[in-house]
Amino acid sequence: MKKILVTGANGQLGSEIKQLASNYPNFNFIFTDIADFPLDKSQEIITNFNLIQPDIVINCAAYTAVDKAEDDQIVADAINHLAIATLATLCHNSGAKLVHISTDYVFDGTSPVAYKEEDLPNPKSIYGVTKLAGENACLHNCPESIIIRTAWVYSEFGNNFVKTMLRLMTERESLSVVNDQIGSPTYAADLAQVILTILDSNKWEPGIYHYSNEGEISWFDFASDIKEIAQKSCDLKGIPASSYPTPAERPAFSLLDKSKIKAVYGIEAVDYKASLRIMMKRL
């Protein structure tokens with residue numbers, strides 16, 4: 001029975017993996033979060049890893065407060081970069097497999113077409129910079145790792161765009177939502193299933209992969225779909241990102257090309273709206 005260590009287990013993705021764990025009786029899951037596996041303390045990472053002795057690590061943990069990271073660079077780098085360097089070294093030295101989750105924020109958002117894995121990263125935020133540093137450390141210290149970049153993650157667990165929109169649509173008569181940032185949402189339950197499908201395939205092809213749901217929409221489009229499915233009456237207005245300045249710069253275009261993960265692992269990406277309907281039924 002393979003022992004699988006899941007970090008960040010109380011986050012959106014970790015929580016969805018928990019939901020699916022019982023479908024994989026051949027895996028022994030050990031779910032950890034910041035309280036029992038803090039990624040900002042390297043010695044504790046080493047101690048806990050050696051106690052658990054995992055066969056596989058799924059690193060769902062990250063510093064994801066994108067705007068806060070602009071003023072909190074040391075902690076963001078410790079969690080998103082230095083911790084990954086330590087984890088990757090431990091995995092490589094012990095022979096454990098590592099699945100590390102990364103982000104569309106490693107790109108600058110200027111591409112006219114969906115980003116492929118080999119496209120040149122150029123992050124515009126501290127969050128993106130630290131996540132890219134984590135990717136590089138992962139590949140350098142454990143070249144046999146799998147890195148999955150994803151985007152616009154939401155779930156019935158934790159805080160995210162869908163739940164925020166539902167709350168605001170209940171509280172307000174009108175909302176302004178950015179309409180010139182383009183991407184595709186990712187239902188964390190679908191991403192969790194992708195990861196477990198890879199681990200259950202007995203096929204390990206190291207490298208970087210992209211995964212999100214299918215679709216090409218703006219945040220305004222996403223909000224409009226949420227409004228439609230929830231049958232809310234709140235009036236929505238599309239605005240440019242320049243009208244809603246944030247401390248961290250967001251990619252204007254972050255569509256991810258999923259051809260590689262489909263070809264290598266036979267993954268089928270679900271239409272974003274179909275997944276959105278499923279998630280909202282679960283709330």
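The values are calculated or read from the model by the stated rules, or taken from the named source; none is laboratory data. Here the structure is a predicted model, which means the values were calculated and not measured. So basically every Cβ, Gly included, is an ideal-geometry build from the backbone, and we count neighbours across all protein chains shown. SASA here: full protein model, heavy atoms, side chains in, ligands and nucleic acids out. Shrake-Rupley method; radii C 1.70, N 1.55, O 1.52, S 1.80 Å.
Overview of results
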{"read-out": "Relative contact order of region 88-181, pairs being alpha-carbon contacts under 8 Å that are 6 or more residues apart, as %", "value": "32 percent"}
{"read-out": "Residue pairs, from the table K68/K273; K68/K131; K237/K273; K227/K281, whose Cα atoms sit over 18 Å apart", "value": "K68/K273; K237/K273"}
{"read-out": "For the chain, projected area of the alpha-carbon convex hull averaged over all directions, nm²", "value": "14.1 nm²"}
{"read-out": "Normalised contact order of region 163-283, rounded percent, pairs of Cα under 8 Å and 6 or more residues apart", "value": "42 percent"}
{"read-out": "C-alpha center-to-center spacing [region 1-61, region 245-283] in angstrom", "value": "23 Å"}
{"read-out": "Surface accessible to a 1.4 Å probe, I34 within the full protein complex, Å²", "value": "110 Å²"}
{"read-out": "At most 13 other Cβ within 10 Å, DSSP loop - GluC sites (Glu not before Pro), region 140-171", "value": "none"}
{"read-out": "Heavy-atom accessible area order for K258, K203, largest first, 1.4 Å probe", "value": "K203, K258"}
{"read-out": "Separation in nanometres of the label points that stand 7 Å from Cα toward Cβ, at L51 and M1", "value": "2.0 nm"}
{"read-out": "Within the chain: Cβ-based charge dipole about Cα centre, in debye rounded to nearest 20 (Lys, Arg +1; Asp, Glu -1)", "value": "620 debye"}
{"read-out": "Percent RCO, i.e. relative contact order, over the chain, from Cα pairs under 8 Å lying at least 6 residues apart", "value": "21 percent"}
{"read-out": "Between helix 188-200 and the chain: long-axis angle, C-alpha atoms, 0 to 90°, nearest 10", "value": "30 degrees"}
{"read-out": "³J(HN,Hα) computed for each position of region 269-283 - Karplus, 6.51 cos²θ - 1.76 cosθ + 1.60, integer Hz, glycine/proline x", "value": "7, 7, 4, 4, 6, 4, 5, 4, 4, 5, 4, 5, 5, 7, 6"}
{"read-out": "Centre separation in Å (Cα based) which lies between region 107-161 and region 78-93", "value": "16 Å"}
